[in-house]
Structure formats: C-alpha cells, structure tokens
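Data first, discussion second: the structure below is written as structure tokens.
The values are calculated or read from the model by the stated rules, or taken from the named source; none is laboratory data. As the structure is a computational prediction, the values presented were derived from the model and not from experiment. Positions of Cβ are generated from backbone atoms using ideal geometry, with glycine treated the same way; all protein chains shown enter the neighbour counts. Quick note on the areas: whole protein, heavy atoms, side chains included, nothing else; ligands and nucleic acids left out. Shrake-Rupley method; radii C 1.70, N 1.55, O 1.52, S 1.80 Å.
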Amino acid sequence: MNPLIRVRDLNVHFPVSRGVLFKRTTGVVRAVDRISFEIMRGETLSLVGESGCGKSTLARAILQLERPTSGRVYFGNTELTGLAPAALRQARRYMQMIFQDPYSSLNPRMTVAQIVAEPLLVHGVATGRQSRKRVAGLLQTVGLSPGMMHRYPHEFSGGQRQRIGIARALAVNPDFIVCDEAIAALDVSIQAQIINLLKDLQRQFDLTYLFIAHDLAVVKHLSRRVAAMYAGRIVELADRDRLYDDPQHPYTRLLLSAVPVPDPGARAGRHAESPAADPASVDPALVDPASVDPALVDPALGTVPATGCSFSHRCPLATDRCRRDAPELRPVAEGHEVACFHA
Amino acid sequence: MSPGHAPLLDVDGLNVEFRTQGGTINAVSGVGFRVAPGETLAIVGESGSGKSCCVLSILGLIPAPPGKVTAGRIRFRDTDLLGMPERELRAIRGSRIAMIFQDPLSSLNPLLTVGTQIAEVLETHLGADRATARKKSIELLRLVGIDAAEQRLNSYPHQLSGGMRQRVMIAIGLACDPELLIADEPTTALDVTIQAQIIDLVKRLRKKNAMSIVWITHDLGVVAGLADRVMVMYAGRVVEEATVDALFATPLHPYTAGLLRSLPRVDADHGDELPAIGGMPPDLARLPEGCAFAARCSRTTDRCRRERPRLEAHAAGHSVACWNAPPSNGTRQAGTSDR
C-alpha cells in the first residue's frame, strides 16, 4: 500500500516560562515527542488519548498549522516541513480540516454559499457562476438542499452546520482530511448520520482521514488503524481489530476498560467497579507535584516523569527499567506496534 | 419503584415555559416522575429535550424571566418545593438536595481556595465553626479520593485538573449528607478514564450514604452502568420510562429503539452503515400538533400526526408514549397509570 502521509521523528516542543518582568524559560513541554508513522492512501487512521496528550497538536503539525520543532512530514512526495509559505499554501489545497464545534468554526456573517465557496476563491479553483454551481453540488453531496445556500449559519441546527463544514472541506477536492473531534459536539441522534456521511464521502472521493476522537466506540466503527497517544508519544499503533481485541500497552487497556458500554448486563454488574477506577490508577504524581521535575509540569498534561516511560507513574507493570529508559515503538506482530518493555 | 415506599421526590404535571423572540417555548410539558429513597433515576435526552429544565425547576433555579414554571407540583418528602419561598429553598439546596454540574470550573469560585469553598457550605448549612469545618473538609476530600487533602485545601480551582475539580464539586455536594444528589452531565467534559473514576466514586458513595440520585446524561453507556430506572425525554416530554434492564432489552418507543440501534459500540461489530435516525429534533417554538417524533419515525400513521400520544403504562414499571407500541399486558402500575 501506498502512504499518503509520512511522519518522521516529529517533535513539537513548547517552552514553559516563568516570571513576568524577567521571563525565563524553565523547561519544555513535549506535546509531540519523536513520532514517526504513516497514513495510507484511502484509509482512516484514528488518534485516541486523553485531553492534553498531544493528538490535536500532532494533527496541526502535520498540516503545518503548528511549525514542528524538528522532524519531517511528507505529503505524497512533497516534504511539507521544508516548504516556503507560498508553496505551502498551494499544497494545503489537498489537505483540509473539519472541526469539533460547528458553531464557532463557521463565520456568522457569511452565507452558506460564501462559506463553502471561500476555499474555491482562495485557491483560485472557481469563481462566479462556476463556483455557485459547485456549491450547489457540494451541498447536495452532504445532504443539504441547494436552496439553503443564501441562509446564514444561525439558521441551521448543529448537525446541519457540521454538514456545511464538511462541504467547505470538500470544496477543493482534497486528498486528506483531518477530522478533529468532528462529531463530539453533535446530538446523539445526529452522530450516526454524520458518521455515515463521512464514510460515504471517503468511498466516493477516495479520501484519506486522520480522525481524532475520544469516543472509542466511534473510532472502532470508522477506522482501519488506530494509534493511542500518551503524553506526546504514540504508545500503540495497530490494525483496528487487533487494537480492540488484543491491546498490548497498559494505557490502551486502561482506555478501553473505561469505555461505558450501553448494555446493563455487560459489566460484572452496575454496582461493581471498573478497573479504571482502581485507586492505583489515580495519578499519584498529580497529587504530589513535589515528586516530579517541576520543569515538566504542564497543567493540561498533568505531570510526566522526567525519565523513562511517560506512563510509568500510572502503570501497574512499571519496573525500574521503565522508570529509567523510554521504550521505543516496536513491532510485536504484523500490523501491530507497541512502545512497552512488557509487551 | 415498589408501591410500598413513599417517594423521596415526586414531580407531577410539570410545565416550564421560556419566552423568547421567536415566541413562547414549552421546554417541559406535563413531565412527572418519582424517585424512591436510595434509587438512581437517569434522565436521557438530547440538547433541548428539557432534561436540564426539569431538574433546575426542582431546585428553583429556572432563570426567570425568561423562564417560568407554569404548572405542576414538586414534592420533596412532605414539602412542596414549588410554592416555597426562596429563603427556605436556599436552606434545602446544598444541604438536603445537592447538585453537580457539567463544568466544575465555572461552578467553583476562581478567587477562593478549595478549602474555603467546602467550609462555606458546612458553616452556612450546619453552623460548623472554622476548626470543625476544616477537619470535615479534609475528610470529604479524602472520601472523594483526593490524596494530600491538607495541602489541597489551599489550592485554587485553576491549579487542579478537570477530574480533580469535579471531585471537589462532589465533596461540596456531599458536605451535608444530602438525601438527593442531582447531577447534570457531570462527566461529559471529562476523559473516559476520569469519567470511569467519577462514576465509580458516585456508586461507592451511593452505597455508603443511601442517597438517591437523579443523573442527567445523553450517554446511554453511562446510563447502563449506573441507573436503576431511566426516563427518556424528547422535545420537552417523557416518551418512555422503564427500569434500566427493560429499557435496554425491550425499548418500546421508536426514538429509544432508534438511538440504541444507531450507537456504535466497542463490544460489537457493525456493518458499514450505522442504522441512523433520519431528520433532526423539532424546533420547540414550532412543535407539530401530534407526536413530536412523527417526522423522524418509521412507523408514523395519520393518527401520529394528528393526536399526541399520552404516556401510558405498558407493563409494570414500563411506560411509553406511542400509538404504535405493542398493546399493554394489563398490569398497570399504581404509580404510572395517572400520568
């Protein structure tokens, strides 16, 4: 298979500074830490992990919306990380993004026609009558009536707005779309509609998706491969079924065990406690900040150990080696990579 | 709910209106439910279904204007909460009825330490002095699983993670040993791992304090793991009410059944296409004459468009508002037949 996106040893570090008058950098947060992976043409790769694990930063760094500290990103044969701004703008035509909040990602002062046509104008793809025709076609594709194109975003429901956002992303015939929590803010009865739409469009236009989500049930339904991220690193990357049926990293197992299942009989009983609630998994470092290098504290990330595996302070399997050396992502089976000494 | 028990909370015929520029909106119409001592009732529905309005009216917290409770009765033990003067209501809120909301950051005062905020509740409602309040605050923080509680008393809300803040909110909620805990989407903004911890914490505390819970959520997974009984709301009305097992095993309302079918699940494989419910929730300012779900329903008949179905008992403890629900088996339950 043919990779569309190749990420090589990507790092995005944010400086942490102290002081108001005499600002000094006291450390760095490694939001994306030595990440390498590929996304194949036509597949959906999902990134899962807790808030603050760096999944959105990684996606933004792939699109060059966040300039990486180091590392390379290739889109097809083009190295995005080396492109000058003008060339990057051209390349971006083939990479689009669908956002979480359909309320704040559409300009309230523009009509639907203007919103969807904007990328056509920016990239010089179509103007005037041609553009109007294209907009009408796009609205139909995402399940909206072309007659609605002169309305404003506030006249639409959340699900319809998300369809408008999807039409805008499709306008310039992209190859690659990043969906950043694209269905999380939608009503439950609307989520399935949008999931189905995204799948249809993928088939119809041969799209490649990077899907960022915290809902592991949705991810299972949509993805071909899934990567679990923790504290800026990919800790496990596997084919969908392998990851859900045989998770190898303790963090992936913790995540999966925490998903509530809509079946009253599924748990050992609803008055029983799930493994995720084991007091041992309550982040001890969060409770006692004195035990960790203060330079590595990020309020969003919680506290990550300065050396060794970043999950070691929450991990039931952690040994001295885990606290000393950081495990690299390595293959454990065909289509299954894990960054854990115990896998 | 077994008929012998007097309910802790008894809501009947509740109507809540909001006056907006687009006309009057009936946010809640004719809603009734009971919660027994020690029972957990989940209220499920999407945004605009009226689930939050129901519980805000229990606490006298509907913003008025534009909102107004126009009809109904809310009894808590032997007292009528709706007719109660604000001063007396305030004495019940936070002591006998506690509440936790979705966003702990906006429910906590950013300028006060966690310790001050817990102590405030204890001093106001129980008349505790400083030293006692401090001691009890430390106990409460330990109870909700916060280590190094003494140090944490001096933390400000922004210094805590989302899960920790929600624990602090629960500690404040539990400060006066409430008989009823009202939780409005308390885990929606949290990560799944933290959500699991909070839910298990609530389960442990429920067992320990024999507390009743009304838990509002849109997540049917959370419902399955926590609730004894479930009430499903759509466009301001109750469309189905059942025990949690009955609701998941034999959902009677097409909306409930459709939601359950359309959910992707980690423990199942779906074909390519999810069986989605078509259409979208109705505009509350322009509700149709008949059933509000008729436009999205696959079983709609002329009668559905003309007449609104009433919530009727179908089996013991299982009521549904649908003309096309399978015929009831005649075992009407005293508690539900009058609604």
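A residue that is in contact with a Phe, Trp or Tyr (Cβ under 9 Å, 6 or more places away or on another chain) and either at pLDDT 90 or above or among the polar types (S, T, N, Q) (or both) cannot be found anywhere in the range B:72-90.
Checking each residue in the range A:1-50 for being within 18 Å of the chain's Cα centre (by Cα) and assigned to a loop (DSSP other than H, G, I, E, B) picks out A:R41, A:G42, A:E43, A:G49, A:E50.
Of all residues in the range B:58-76, count the ones that are under 23 Å from B:R286 (Cβ atoms) and either among the hydroxyl-bearing types (S, T, Y) or open to solvent by 10 Å² or more (accessible area, probe 1.4 Å) (or both). Before you say what the answer is, go through the steps one by one.
From the range B:58-76, those under 23 Å from B:R286 (Cβ atoms) are B:62-63, B:65-71; that's our starting set.
Now narrow it down to the ones that are either among the hydroxyl-bearing types (S, T, Y) or open to solvent by 10 Å² or more (accessible area, probe 1.4 Å) (or both): B:62-63, B:65-66, B:68-71.
Total satisfying the criteria: 8.
In summary, B:A224 fulfils each of the numbered conditions (1) modelled with pLDDT under 90; (2) closer than 25 Å to B:P326 by Cβ with the single exception of condition (1).
Table: residues versus (1) assigned to a loop (DSSP other than H, G, I, E, B); (2) surrounded by 14 or more Cβ atoms within 10 Å (Cβ to Cβ).
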site: B:S106; (1), (2): no, no
site: B:N109; (1), (2): yes, no
site: B:Q117; (1), (2): no, yes
site: B:E120; (1), (2): no, yes
site: B:T124; (1), (2): no, yes
site: B:A128; (1), (2): yes, yes
site: B:S137; (1), (2): no, yes
site: B:L141; (1), (2): no, yes
site: B:D147; (1), (2): yes, yes
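The set of residues from the range A:66-86 being of a type in the set (S, T, Y) and either part of a loop (DSSP other than H, G, I, E, B) or closer than 24 Å to A:V28 by Cα (or both) comprises A:T69, A:S70, A:T81. Among the numbered conditions (1) among the hydrophobic types (A, V, I, L, M, F, W, C); (2) modelled with pLDDT under 95; (3) surrounded by fewer than 19 Cβ atoms within 10 Å (Cβ to Cβ), the only one that A:L106 does not meet is (3).
Any residue at all in the range A:17-30 that's open to solvent by less than 30 Å² (accessible area, probe 1.4 Å) and under 28 Å from A:V259 (Cβ atoms)?
Step one: of the range A:17-30, the residues open to solvent by less than 30 Å² (accessible area, probe 1.4 Å) are A:27, A:29.
With the extra rule that they be under 28 Å from A:V259 (Cβ atoms), the set shrinks to A:29.
Within the range A:17-30, one or more residues are open to solvent by less than 30 Å² (accessible area, probe 1.4 Å) and under 28 Å from A:V259 (Cβ atoms).
For B:D302, the criteria (1) open to solvent by 40 Å² or more (accessible area, probe 1.4 Å); (2) within 12 Å of chain A (Cβ to nearest Cβ) hold in every case but one, which is (2).
Identify all residues within the range B:227-239 that are buried (at least 24 other Cβ atoms within 10 Å of the Cβ), facing chain A (nearest Cβ under 10 Å) and either in contact with a strand residue (DSSP E or B) (Cβ under 8 Å, 6 or more places away or on another chain) or assigned to a helix (DSSP H, G or I) (or both); write none if there are none. B:A227, B:V230 - these are the residues of the range B:227-239 that are buried (at least 24 other Cβ atoms within 10 Å of the Cβ), facing chain A (nearest Cβ under 10 Å) and either in contact with a strand residue (DSSP E or B) (Cβ under 8 Å, 6 or more places away or on another chain) or assigned to a helix (DSSP H, G or I) (or both). If you check A:V235, A:V219 for being more than 10 Å from chain B (Cβ to nearest Cβ) and within 19 Å of the chain's Cα centre (by Cα), only one passes: A:V235.
Restricting the range B:77-104 to residues that are among the basic types (K, R) and either open to solvent by less than 80 Å² (accessible area, probe 1.4 Å) or more than 21 Å from the chain's Cα centre (by Cα) (or both), the residue that is farthest from B:D184 (Cα to Cα) is B:R87.
Determine whether A:C322 is outside any loop (DSSP other than H, G, I, E, B), modelled with pLDDT of 85 or more and under 18 Å from A:L254 (Cβ atoms).
On the way: outside any loop (DSSP other than H, G, I, E, B): yes; modelled with pLDDT of 85 or more: yes; under 18 Å from A:L254 (Cβ atoms): yes.
Considered against the rule, which asks whether it is outside any loop (DSSP other than H, G, I, E, B), modelled with pLDDT of 85 or more and under 18 Å from A:L254 (Cβ atoms), A:C322 comes out as yes.
Listed conditions (1) touching a residue at least 40 places away in the same chain (Cβ under 8 Å); (2) under 25 Å from A:S189 (Cα atoms); (3) assigned to a loop (DSSP other than H, G, I, E, B) are all met by A:N107, apart from (2). Restrict the check to the range B:49-70 and report whether at least one residue is outside any helix (DSSP H, G or I) and within 14 Å of another protein chain (Cβ to nearest Cβ). Within the range B:49-70 (the criterion being outside any helix (DSSP H, G or I) and within 14 Å of another protein chain (Cβ to nearest Cβ)), the answer is yes, since at least one residue qualifies. Condition check: without any contact (Cβ under 8 Å) to a residue 60 or more places away in the chain and of a type outside the set (D, E, K, R). Does B:G38 satisfy that? So B:G38 does not fit the description; no. Cβ-Cβ contacts under 9 Å between residues 6 or more apart (or on different chains), taken from a first residue in the range B:71-88 that is more than 25 Å from B:F18 (Cβ to Cβ) to a second residue that is open to solvent by less than 40 Å² (accessible area, probe 1.4 Å) and β-branched (V, I, T), are listed as B:T79/B:I92. Among the residues of the range B:199-226, those identified as more than 10 Å from chain A (Cβ to nearest Cβ), open to solvent by less than 10 Å² (accessible area, probe 1.4 Å) and either among the charged types (D, E, K, R) or assigned to a helix (DSSP H, G or I) (or both) are B:V202, B:L205.
Can you tell me how many residues within the range A:56-76 are within 23 Å of A:P247 (Cβ to Cβ) and either open to solvent by less than 20 Å² (accessible area, probe 1.4 Å) or without any contact (Cβ under 8 Å) to a residue 40 or more places away in the chain (or both)? Explain how you work it out, then say what you get.
First pass over the range A:56-76, keeping only residues within 23 Å of A:P247 (Cβ to Cβ): A:56, A:58-59.
In the following step, the residues that additionally are either open to solvent by less than 20 Å² (accessible area, probe 1.4 Å) or without any contact (Cβ under 8 Å) to a residue 40 or more places away in the chain (or both) were identified as A:58-59.
Counting residues in the range A:56-76 that are within 23 Å of A:P247 (Cβ to Cβ) and either open to solvent by less than 20 Å² (accessible area, probe 1.4 Å) or without any contact (Cβ under 8 Å) to a residue 40 or more places away in the chain (or both) gives 2.
Residue selection: B:T188 satisfies the criterion of being in contact (Cβ under 8 Å) with a residue 60 or more places away in the chain, within 13 Å of another protein chain (Cβ to nearest Cβ), open to solvent by 20 Å² or more (accessible area, probe 1.4 Å) and under 21 Å from B:V28 (Cβ atoms).
Within the range B:176-184, does at least one residue satisfy the condition of being open to solvent by less than 10 Å² (accessible area, probe 1.4 Å), assigned to a loop (DSSP other than H, G, I, E, B), more than 9 Å from every other protein chain (Cβ to nearest Cβ) and under 27 Å from B:L263 (Cα atoms)?
Of the range B:176-184, the ones open to solvent by less than 10 Å² (accessible area, probe 1.4 Å) are B:178, B:180-183.
Next, only the ones that are assigned to a loop (DSSP other than H, G, I, E, B) stay: B:178.
Keeping just the survivors that are more than 9 Å from every other protein chain (Cβ to nearest Cβ) gives B:178.
Cutting the leftovers down to under 27 Å from B:L263 (Cα atoms) gives us none.
No: the range B:176-184 contains no residue that is open to solvent by less than 10 Å² (accessible area, probe 1.4 Å), assigned to a loop (DSSP other than H, G, I, E, B), more than 9 Å from every other protein chain (Cβ to nearest Cβ) and under 27 Å from B:L263 (Cα atoms).
Checking each residue in the range A:117-145 for being within 18 Å of A:D200 (Cβ to Cβ) and in a helix (DSSP H, G or I) picks out A:G137, A:L138, A:L139, A:Q140, A:T141. Residues in the range A:206-245 that are outside any strand (DSSP E or B), over 22 Å from A:V188 (Cβ atoms) and either without any contact (Cβ under 8 Å) to a residue 12 or more places away in the chain or open to solvent by less than 20 Å² (accessible area, probe 1.4 Å) (or both): A:L207, A:A231, A:G232, A:D241, A:L243, A:D245.
With respect to the conditions (1) away from chain B (no Cβ under 14 Å); (2) assigned to a loop (DSSP other than H, G, I, E, B); (3) surrounded by 15 or more Cβ atoms within 10 Å (Cβ to Cβ), A:Q114 lacks only one, and its number is (2). Filtered by the rule that a residue be among the hydrophobic types (A, V, I, L, M, F, W, C), away from chain A (no Cβ under 11 Å) and crowded, with 20+ Cβ neighbours inside 10 Å, the range B:243-283 gives a lone residue, B:L252. Across the range A:183-204, not a single residue is classified as away from chain B (no Cβ under 14 Å) and either in contact (Cβ under 8 Å) with a residue 40 or more places away in the chain or surrounded by fewer than 19 Cβ atoms within 10 Å (Cβ to Cβ) (or both).
Only one residue in A:L83, A:L120, A:L88 is modelled with pLDDT under 95, touching a Ser or Thr at 6+ places or on another chain (Cβ under 8 Å) and more than 14 Å from chain B (Cβ to nearest Cβ). Which one?
Details: A:L83 fails: touching a Ser or Thr at 6+ places or on another chain (Cβ under 8 Å); A:L88 fails: touching a Ser or Thr at 6+ places or on another chain (Cβ under 8 Å).
Being modelled with pLDDT under 95, touching a Ser or Thr at 6+ places or on another chain (Cβ under 8 Å) and more than 14 Å from chain B (Cβ to nearest Cβ) holds for just one of A:L83, A:L120, A:L88, which is A:L120.
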